[in-house]
1. Report P(r) for segment 95-146: all Cα-Cα distances, bin width 10 Å, range 0 to the bin holding the largest distance, values in whole percent.
2. For the chain, with every protein chain kept in place, what is the accessible area per residue (1.4 Å probe, Å²)?
3. Can you list the residues, at least 5 places off or on another chain, whose amide H is less than 5 Å from the amide H of LEU58, using H built in the peptide plane?
4. For the chain, what does the alpha-carbon gyration tensor say about shape, rounded, prolate or oblate, given a ≥ b ≥ c as the root eigenvalues, a/c under 1.5 as rounded, and a/b over b/c as prolate?
5. What does the charge count around ALA86 come to, taking other residues whose C-beta lies under 14 Å from its C-beta (Lys +1, Arg +1, Asp -1, Glu -1)?
6. Considering the alpha-carbon set of segment 2-48 alone, what are its Rg and its Dmax in angstrom?
7. Could you work out how far the C-alpha centroid of segment 80-131 sits from that of segment 6-62, in angstrom?
8. Using a 1.4 Å probe on the protein heavy atoms, what percent of the accessible area of the chain belongs to carbon and sulfur?
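The values are calculated or read from the model by the stated rules, or taken from the named source; none is laboratory data. Keep in mind that what you see is a predicted model, and the values were worked out from it rather than measured. Heads up, the Cβs are rebuilt from the backbone with ideal geometry, glycines too, and the neighbour counts pull from every protein chain shown. Ligands, DNA and RNA are excluded from the accessible area calculation, which covers all protein heavy atoms including side chains. Shrake-Rupley method; radii C 1.70, N 1.55, O 1.52, S 1.80 Å.
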Amino acid sequence: MLSDYRTLVDNLVRDDSGVIAADDRDQAIALAVVRYSTDRPIERVEEVEAAGGPALDLPSGWQPGFSRLVGVVSIRAPFDHRVVGAELEQTPAGWRVRLDAPLAAGSTAEVFFTVAHSVTTDEDTIPIKDREAVAGWAAANCMEQLESHYSGMREPTLQADTVTA
């Protein structure tokens, strides 16, 4: 859950001066989740009913700008499944799945695709074995914020009123 990541990031960063605000830390966590999702997305499958012809609508769980088509399996009859060549196609009406072979109207196909992970107060889809890595990415984002903050502070190395040779 989000509270676990907050605790892990706070423990890794140790910002005793309070430079990093809670919103900044949460944004760093969100960026780390996006990065993890890009490397290891969730693979989903949904049945989509064909309207007839060589195209299918995108599944309802498709995330525009993130999801990627993995494959399509045509469900012809019980125990008769076949992999269908497919690719995304942009049309004036929007994106859809273009198939190598037409499907009969009313038939169904299983569309395999990817979606991003989610870390909220109620949900955490990242496997527990990878939690430390995601928290580490978030902590690195926070450390960059600290670096930026402190690099602008200039104090003289030697503090003296006068220097004599």
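1. With 10 Å bins starting at 0, P(r) equals 16, 30, 19, 19, 13, 3.
2. 65
3. VAL97
4. Because a/c hits 1.5 or more and a/b exceeds b/c, the chain counts as prolate.
5. -2
6. Cα-based Rg and Dmax for segment 2-48 come out at 14.8, 53 Å.
7. After rounding, the separation between the Cα centres reads 17 Å.
8. Summing carbon and sulfur atoms, their accessible area is 51 percent of the total for the chain.
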